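Below is one structure, written out as structure tokens; comments come after it.
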Amino acid sequence: MKRVKDIMSSPVFQVEANTTLQETCKLMLEKGVGSVIVTDNGEPKGIFTDRDAVRAIANGASAMDELRTVATMHDLVTVNEEVDIIQAAKLMAEKKIRHLPVTNSNGEIVGMISVTDLSAELKEMQAQ
């Protein structure tokens with residue numbers, strides 16, 4: 001069984017909580033990613049996803065609003081890189097999340113997996 005580290009994307013992009021919505025969306029577009037880790041003084045505190053961006057704009061946020069006002073800034077759910085992908089998929093389904101930061105044995109964020117990554121891997125497993 002493959003482990004999370006076998007399918008994760010790396011590097012993970014991080015932005016400070018005082019970064020603007022516009023700067024963050026521009027970075028995500030340039031890097032081709034659907035999420036970034038939100039930090040406060042370099043410490044991971046939350047996650048901001050493409051869905052958060054849509055929700056923020058729909059709710060009237062300004063492009064100049066700080067990320068801390070629109071990102072998920074509590075209860076950052078992570079998974080260890082050694083966990084098998086089925087367990088990671090179960091965690092994502094249970095928590096109803098589409099992007100999951102991956103940590104190493106030191107608790108440092110080293111990657112990200114998404115439902116797209118998991119579905120591609122499960123499709124490949126089914127074909128074998």
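The values are calculated or read from the model by the stated rules, or taken from the named source; none is laboratory data. Treat the numbers as computed from the prediction; the structure is a model and nothing was measured. Backbone-built Cβ (ideal geometry, glycine too); neighbour counts: all protein chains shown.
For region 54-81, the set of residues classified as under 18 Å from VAL33 (Cα atoms), in a loop (DSSP other than H, G, I, E, B) and among the hydroxyl-bearing types (Ser, Thr, Tyr) consists of THR78 only. No other residue among VAL102, VAL77 is under 21 Å from THR24 (Cα atoms), surrounded by fewer than 18 Cβ atoms within 10 Å (Cβ to Cβ) and modelled with pLDDT of 95 or more apart from VAL77. When each of LYS90, LYS95, LYS26 is tested for being more than 30 Å from LEU122 (Cα to Cα) and out of contact with any Pro (no Cβ under 9 Å at 6 or more places or on another chain), the lone residue that passes is LYS26. Does region 112-127 include one or more residues that are at pLDDT below 95, more than 16 Å from VAL4 (Cβ to Cβ), buried (at least 18 other Cβ atoms within 10 Å of the Cβ) and of a type in the set (Gly, Ala, Ser)? No, region 112-127 contains no residue that is at pLDDT below 95, more than 16 Å from VAL4 (Cβ to Cβ), buried (at least 18 other Cβ atoms within 10 Å of the Cβ) and of a type in the set (Gly, Ala, Ser).
Going by the structure shown, is ARG3 at pLDDT below 95 and among the basic types (Lys, Arg)? Answer is no for this residue.
The residues on offer are ILE97, ILE37, and the sole one that is surrounded by fewer than 19 Cβ atoms within 10 Å (Cβ to Cβ), within 11 Å of the chain's Cα centre (by Cα) and closer than 18 Å to ASP117 by Cα is ILE97. Mind checking which pairs have a first residue in region 115-126 that is within 13 Å of ALA89 (Cα to Cα) and a second that is of a type in the set (S, T, N, Q) and surrounded by 13 or more Cβ atoms within 10 Å (Cβ to Cβ), Cβ under 8 Å, 6 or more apart or different chains? Final answer for the pair search is ASP117/SER9.
Does region 45-53 include one or more residues that are polar (S, T, N, Q), surrounded by 15 or more Cβ atoms within 10 Å (Cβ to Cβ), closer than 16 Å to MET112 by Cβ and without any contact (Cβ under 8 Å) to a residue 40 or more places away in the chain? Within region 45-53, not a single residue is polar (S, T, N, Q), surrounded by 15 or more Cβ atoms within 10 Å (Cβ to Cβ), closer than 16 Å to MET112 by Cβ and without any contact (Cβ under 8 Å) to a residue 40 or more places away in the chain. Just one residue in the set ASN18, ASN59 is surrounded by fewer than 15 Cβ atoms within 10 Å (Cβ to Cβ) and touching a strand residue (DSSP E or B) at 6+ places or on another chain (Cβ under 6 Å); that residue is ASN18.
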